[in-house]
Structures are given as structure tokens and as C-alpha cells.
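See below for the structure under consideration.
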Amino acid sequence: MKRFALMLYFLSFALPAAADSPSDAGLAEIRDLGQLNGQALACSHNQAASLIKAAIIQYAPKSRRYGAAFEDTTSNAFLAQVKKDPAACPAEALLVSQAEAAVARLQTAVPAVAPQ
């Protein structure tokens with residue numbers, strides 16, 4: 001009984017880590033894009049925000065989990081940027097290049113599914 005309890009104890013640590021790996025593909029990249037989107041919206045950088053929105057629509061997995069991660073991160077980043085001095089806004093070109101890099105990482109993390 002002791003061995004069984006000990007095995008269950010250690011297994012409880014291993015299962016969540018194993019279960020999260022495949023299902024979290026691209027989640028960090030989605031959050032990165034949400035962070036950049038919040039900054040772009042707060043700083044009125046429309047080109048960067050449009051690029052990010054198009055990338056999310058085209059490449060992000062269509063699930064509530066990914067959508068919520070993007071929306072929550074966008075909201076938090078927007079509020080954090082608004083609290084800063086307006087001069088603290090990054091240049092739009094910098095946000096665009098960071099967004100392009102995050103999109104490339106997202107495409108690598110979540111390969112497109114070929115239409116059948």
C-alpha cells in the first residue's frame with residue numbers, strides 16, 4: 001500500500017507536465033502576440049495591431065483556451081502600457097518586427113494543417 005501511494009504521489013507530478021506539452025503548442029507565442037497587441041493598441045500603432053490580428057486569425061489554433069490567453073494578455077498589456085508615460089511607447093517599427101518574429105515562432109510551434 002505504501003508503494004502504491006508513493007507511486008501515485010510521484011505520478012501526480014508527472015502527468016500534468018506530460019499532458020500540458022502537446023496541448024500547449026504555440027501558447028507562449030500567442031501570449032507574446034497578445035503582449036505586443038496590447039502595447040500596439042495602447043500606443044495607437046494600427047499597422048502593428050492589424051498585423052497581429054491577421055496573424056492570430058490565420059495561424060492561431062481555434063479554441064477557447066488560445067483565445068482567452070490572447071485576450072487576457074492583450075488586456076493586461078494594454079492596461080500596463082496606459083499606466084506608463086506616453087513617451088514610453090515603443091516605435092511602431094519595433095513592434096512590427098517583434099510581431100513578425102512571434103508569428104514565425106507561432107508557425108513553427110503550430111504547423112498548419114493541410115486541407116483535406
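The values are calculated or read from the model by the stated rules, or taken from the named source; none is laboratory data. Not measured: the values here are computed from a predicted model. Using ideal geometry, Cβ is built from the backbone for each residue, glycine included, and neighbour counts are taken over all protein chains shown. What goes into the accessible areas is simple: the full protein's heavy atoms, side chains included, and nothing from ligands, DNA or RNA. Shrake-Rupley method; radii C 1.70, N 1.55, O 1.52, S 1.80 Å.
Sequence-ordered 3J(HN,Hα) estimates for region 50-60 from the Karplus curve with 6.51, -1.76 and 1.60 and θ = phi - 60° stand at 5, 4, 5, 4, 4, 5, 4, 4, 7, 10, 6 Hz, glycine and proline given as x. Once both labels are positioned 7 Å from their Cα atoms along Cα-to-Cβ, the gap between residue 58 and residue 75 label points is 2.8 nm. Of the whole protein surface, residue 53 contributes about 130 Å² of accessible area at a 1.4 Å probe radius.
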